[in-house]
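Student: Take a look at the following structure, please.
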Amino acid sequence: MTMLSINGVKHNIEMESETPLLWVLRDYIGLVGTKFGCGMGQCGACTVHLDGAAVRSCSTTIAEAAGAEVTTIEHLSQDVVGAALQKAWLEEDVIQCGYCQAGQLMSAATLLTDNATPSEEDINDHMAGNICRCGTYTRIRAAIKRAAAVLRDAKSTGGLS
C-alpha cells in the first residue's frame, strides 16, 4: 500500500508501486483533469506538481510520489499564481480544443512561482516541453505575461503577501 497526498487529501493506494501516477489520479481517485497524451513524458498533457515541481505523471510512479504533495489542475486555483493564470487563460482566450491546457497551466504555474518577471526566452524555455496541437502558443505566452503582470501589480500594491 502506498500513501499519497493529493491536493491536500491523504489516499491509501493499493496498487503496484511502479504504477504511473497518472492512472492513480484518473482511474483510482477520479481526478480526470490531468490528461494522457503520449505516455512517454514528452508532450506535457499529464503535468502535475510534485512538491511544487512540474512533473509528468505518466512517467512518475506512485513510489516516486509517496511522501510528496501532489497538486493537480483541480486544485490549481487554490494558489494565487494558479488563480491568476486561469483568469489570464480565459482573458486571452487561450483554449482551443483544450486537451493540453491543464498541463500548460501546471507548467506555467511553476514558471511564475520561480520567476515573477519571465522574459520571452524564459517562457519559451520553460514551456518547451508542453505541446499544443492547436498551436495556441502565442496566446499561451500572452496569458503567462498577463498573469505575471497582474501578480506583480498586486504584490506592489499590497494585494498579495
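What follows draws every value from the coordinates through simple rules; no lab data is involved. These numbers come from a predicted model, not from an experiment. Ideal geometry is used to build each Cβ from the backbone, glycine not excepted, and the neighbour counts take in all protein chains shown.
Student: Taking the Cβ of each residue in Ile6, Ile144 as the centre, tally the other Cβ atoms inside 10 Å and list the residues starting with the fewest.
Tutor: The most exposed by this proxy come first: Ile6, Ile144.
Student: Return the distance in nm (one decimal) between the two label points of a simple spin-label model at Glu69 and Asp153, each offset 7 Å from Cα along Cα→Cβ.
Tutor: Output for this residue pair reads 2.8 nm.
Student: For region 79-156, what is one quarter of the convex hull surface built on the Cα atoms, given in nm²?
Tutor: The number I arrive at for region 79-156 is 4.5 nm².
Student: Restricting to Cα pairs below 8 Å that are 6+ residues apart, what does the relative contact order work out to for region 53-161? Please round to a whole percent.
Tutor: Computed over region 53-161, the figure is 31 percent.
Student: Taking R0 as 35 Å, what FRET efficiency do you get between Ser77 and Asn12 from their Cβ-Cβ distance, rounded to the nearest 0.05?
Tutor: It comes out at approximately 0.85.
Student: Please order Leu76, Leu21, Leu31 by the number of other Cβ within 10 Å, starting at the fewest.
Tutor: Ranked by crowding around the Cβ, least crowded first: Leu31, Leu76, Leu21.
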